[in-house]
Amino acid sequence: MRKIGVIYSGIASHYRTFKESKYREYVSEYFYFPDFEHASLTDVDVLIVPSQLNENLLKQAKAKIQQFTKDGGIVVAFGPQPWEWIPNQDWEERETNFWWWLEENPKSGLHLNKPSHDLFTYISLEDATWHQHGVFWPIQEAEKLITTEDGGAVFYIDKTSTKGTWIVTTLDPDYHFGSYFMPATERFLNGFFPWLTHGKI
Amino acid sequence: MTEQSSLMLDPGHAFGLRNRTHPFTRENFHLIDQYDFATIDLEPFKCLVIQEFCDQEFLMQQQDRIKEFLHQGKIVIFCGHLFLNLLPGTFPFVPKTVNSFRDYFISKESDHEIFEGVLAEEMTFNKGVAGFFARGTHPHAEEVEVLLCLPGGMPTTYIDRLSTNGTIFVHAGKDLFNYHAQNKSTNRIPTQLLQWVHDEYDRIQGEETNA
């Protein structure tokens, strides 16, 4: 069983998702972001880096987060990433189509690229389907689990860039669940937290 | 109101990048990283804007400064979901129980200048999707001025002139100064809210002068 730590931002949606809701049972430690540089990460196996964090603090935290994976840790990064802090990060922002499901012959544009991956015994593609704010173009050795139709990564795992593991997704269920919007995000988190805790990564 | 007499706290988040550089923000607000609030001189400012993605734990530590700002007859605008009682007279956000998209319908409670000419259905729907504007309420004292409601008379947006010497504006939803370029009547909100800040500050100062 992996111990999960979360960078805690003091943002309302993160308070709800990580500290107030049913998912708090999966979190063993919170690291308040302004104090992160003094935090010890030695007791956690996984570090969740939520979406929408403060730019200055994120840039300051970059070296410490990267060191955590150099020591073998697992980092989860949620949401759009306009600032470079993930190894070999290649983020492409795209216009968000949040109304796709109202269009004629609606298509989310998402594709399950590795259906045999253990994550998909915990969640389905539908559980990861609401909208996305862009895509990543990870290194070739990374596993792209969910992609757009043109091959951009919406969810990938990189075990090559460092000794540890980077689970990177453009999806931001931490924001949407925490702000009481987009019901699929709850189904995603219902499977994602057990997978992070017990699943094959 | 002179330019940049409103202080806006920038959460420094990814979604805020566009608004951070938007001409409306640049021209009308003194924008600082939220964590610089601890040290900035508040004297030149008439209004403090706290955005949806601000760190409420940090602002809770700054509660005395916010209270003092209001005590001096100034204005605080909060948009988002409060989970801490940062502001006098406020209580944590309560979400609306949602069974259908109709539960997100916004209605106007008055013809207030902030929402003049703004169509309720254009606040409710964005590209045909309801729910972006507001999804719940902050419980409050009865005497506040309610501007907008969700069905069942659940206030999303109100003005509190009684809890302090100043005025507190609370909107349980997305940042109202960021409704730009939507090609609909909601584009009126940022300038009208800013004009209201100007009018409200003059009103408070007038009252203090006459007192």
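The values are calculated or read from the model by the stated rules, or taken from the named source; none is laboratory data. Keep in mind the model is a prediction, meaning the values are calculated, not measured. Note that each Cβ is placed from the backbone with ideal geometry, even for glycine, and that neighbours are counted across all protein chains shown. For the accessible areas, the whole protein counts, side chains as well, though only heavy atoms, and no ligand, DNA or RNA atoms are used. Shrake-Rupley method; radii C 1.70, N 1.55, O 1.52, S 1.80 Å.
Determine, from the Cβ-Cβ distance of A:Lys70 and B:Phe91 and an R0 of 51 Å, the FRET efficiency 1/(1 + (r/R0)^6), rounded to the nearest 0.05. Could the numbers behind the result be given before it?
Numbers: r = 45 Å, r/R0 = 0.88.
Working from the Cβ atoms, E equals 0.70.
P(r) for the range A:135-201, please, calculated from all Cα pair distances in 10 Å bins and given in %.
Spelled out bin by bin, the range A:135-201 gives 20, 44, 32, 4 percent.
Can you compute 3J(HN,Hα) from phi for each residue in the range A:113-124, using the Karplus curve 6.51 cos²θ - 1.76 cosθ + 1.60 with θ = phi - 60°, rounded to whole Hz and x for Gly and Pro?
Ordered by residue, 3J(HN,Hα) equals 8, 9, x, 7, 5, 4, 3, 7, 8, 10, 9, 9 Hz.
Report, by chain and number, residues whose modeled amide H sits under 5 Å from the one on B:Ile106, excluding near sequence neighbours (fewer than 5 apart, same chain).
Those qualifying (amide H under 5 Å, at least 5 residues apart or on another chain) are B:Thr124.
Could you run the Karplus curve 6.51 cos²θ - 1.76 cosθ + 1.60 with θ = phi - 60° over the range A:4-12 and give me ³J(HN,Hα) per residue in whole Hz, x for Gly and Pro?
My calculation for the range A:4-12 gives 10, x, 10, 6, 9, 8, x, 7, 4 Hz in order.
At 1.4 Å probe size, put B:Asp33, A:Asp172, A:Asp45, B:Asp111 in order of accessible surface, largest to smallest.
Ranked list, largest accessible area first: B:Asp111, A:Asp45, B:Asp33, A:Asp172.
Return the residues of the range B:74-89 for which accessible area with all protein chains present is lower than in the chain on its own by 10 Å² or more; set the probe to 1.4 Å and exclude ligands, DNA and RNA.
At a threshold of 10 Å² (probe 1.4 Å), the residues of the range B:74-89 that become less exposed are B:His81, B:Phe83.
Find the relative contact order for the range A:106-201 and round it to a whole percent, using C-alpha pairs within less than 8 Å whose residues are 6+ positions apart. Please list the in-between numbers first.
On the way: 140 pairs, mean separation 28.7, N = 96.
Relative contact order comes out at 30 percent.
How large is the accessible surface of A:Lys22 in square angstrom, using a 1.4 angstrom probe and rounding to the nearest 10?
Answer for A:Lys22: close to 90 Å² accessible.
Expressed as a whole number of Å, what is the distance separating the alpha-carbon centroids of the range A:102-180 and the range B:86-118?
34 Å
In peptide A:54-65, how many Cβ atoms from other protein chains are near each Cβ within 10 Å, on average?
The per-residue average across the peptide is 3.
For the full complex of protein chains and a 1.4 angstrom probe, list A:Leu53, A:Leu112 by accessible area with the highest value first.
My answer, sorted largest first, is A:Leu112, A:Leu53.
Name the residues whose placed amide hydrogens come within less than 5 Å of the amide hydrogen of B:Lys74, ignoring near sequence neighbours (fewer than 5 apart) on the same chain.
B:Gly166, B:Thr167
How much accessible surface area, in Å² rounded to 10, belongs to the heavy atoms of A:Arg187 with a 1.4 Å probe?
Using a 1.4 Å probe on the heavy atoms, I get roughly 110 Å².
Just name one of B:Thr39, B:Ser100, B:Gln182: the one whose Cα is farthest towards the positive end of the charge dipole of the range B:6-210 (beta-carbon charges, Lys/Arg +1, Asp/Glu -1).
B:Ser100
Quick one: 3J(HN,Hα) in Hz for the range A:181-193, Karplus 6.51/-1.76/1.60 with θ = phi - 60°, rounded, Gly and Pro as x.
For the range A:181-193, the Karplus curve yields 8, 6, x, 4, 5, 6, 5, 4, 5, 4, x, 5, 5 Hz.
Report the percentage of all Cα-Cα pairs in the range A:25-93 whose separation exceeds 14 Å, rounded to a whole percent.
Values: 1400 of 2346 pairs.
Summing the P(r) of the range A:25-93 above 14 Å gives 60 percent of all pairs.
Volume per residue, Å³, of the convex hull around the alpha-carbon atoms of the range A:4-198?
Per residue, the Cα convex hull of the range A:4-198 comes to 112 Å³.
Counting only protein heavy atoms and rolling a 1.4 Å probe, how much accessible area do A and B lose on contact, total for both sides, in Å² to 100?
2600 Å²
Which value does Rg/Rh take for the range B:7-76 over its C-alpha atoms, Rh per Kirkwood?
Across the range B:7-76, the Cα-based Rg/Rh ratio is 0.95.
Under 5 Å between amide hydrogens, which residues at least 5 positions from B:Phe29 or on another chain qualify, with H placed 1.01 Å from N in the peptide plane?
B:Gln4
Measure up B:Lys96/B:Lys174; B:Lys46/B:Lys96; A:Lys70/A:Lys159; A:Lys22/A:Lys159; A:Lys59/A:Lys114; B:Lys67/B:Lys174 against 21 Å on the Cα-Cα distance and list the ones that go over.
B:Lys46/B:Lys96; A:Lys22/A:Lys159; A:Lys59/A:Lys114; B:Lys67/B:Lys174
Does the range A:89-201 come out rounded, prolate or oblate by the C-alpha gyration tensor, with a ≥ b ≥ c the root eigenvalues, rounded set by a/c under 1.5 and, if not, prolate when a/b is larger than b/c and oblate if not?
oblate
What net charge do the residues around A:Asp35 carry, taking every other residue with its C-beta under 13 Å from that of A:Asp35, with Lys and Arg at +1 and Asp and Glu at -1?
Its environment carries a net charge of -3.
Using a 1.4 angstrom probe, figure out how much accessible area chain A has per residue, in square angstrom, rounded to the nearest whole.
Per residue, chain A has 42 Å² of solvent-accessible surface.
Counting only protein heavy atoms and using a 1.4 Å probe, what share of the accessible area of the range A:78-201 belongs to carbon plus sulfur, as a whole percent? Mind showing how you got there, number by number?
Numbers: 2450 of 5160 Å².
That share works out to 47 percent.
Using all alpha carbons of the protein assembly as shown, what is the percent of pairwise distances in each 10 Å bin, ordered from the shortest bin to the longest?
Reading upward from the zero bin: 4, 22, 31, 24, 14, 4, 1, 0.
Only helical DSSP H runs with n ≥ 4 go in: add -39500 (n - 2.57) per run for chain B, normalise by residue count and round the 222 nm mean residue ellipticity to 500 deg cm²/dmol.
-7000 deg cm²/dmol
What is the helix-to-structure angle for B:188-210, meaning the angle in degrees between its Cα long axis and the longest Cα principal axis of chain B, kept from 0 to 90 and rounded to the nearest 10?
That works out to roughly 40 degrees.
Report, in deg cm²/dmol and to the nearest 500, the calculated mean residue ellipticity at 222 nm for chain A, where each DSSP H run with n ≥ 4 adds -39500 (n - 2.57) and the sum is divided by the residue count.
For chain A, the value works out to -6000 deg cm²/dmol.
Of A:Trp137, A:Trp166, which has the most accessible area and how do the rest follow, probe 1.4 Å?
My answer, sorted largest first, is A:Trp137, A:Trp166.
What shape does the range B:1-135 have by the C-alpha gyration tensor, where a ≥ b ≥ c are the square roots of the eigenvalues, rounded means a/c under 1.5, and otherwise prolate means a/b greater than b/c and oblate the rest?
Taking the square roots of the gyration eigenvalues as a ≥ b ≥ c, the range B:1-135 is prolate.
If you count only protein heavy atoms and use a 1.4 Å probe, how large is the accessible surface of B:Phe53, to the nearest 10 Å²?
My reading of the accessible area for B:Phe53 is about 10 Å².
Relative contact order for chain A using alpha-carbon pairs under 8 Å, separation at least 6, rounded to a whole percent?
Relative contact order, chain A: 25 percent.
Helix A:55-70: angle to the longest alpha-carbon principal axis of chain A, degrees 0 to 90, nearest 10?
80 degrees
Would you mind getting me the FRET efficiency between B:Ser5 and A:Ser28? Use the beta-carbon distance for r and R0 = 45 Å, nearest 0.05.
Numbers: r = 46 Å, r/R0 = 1.03.
With a Förster radius of 45 Å, E is 0.45.
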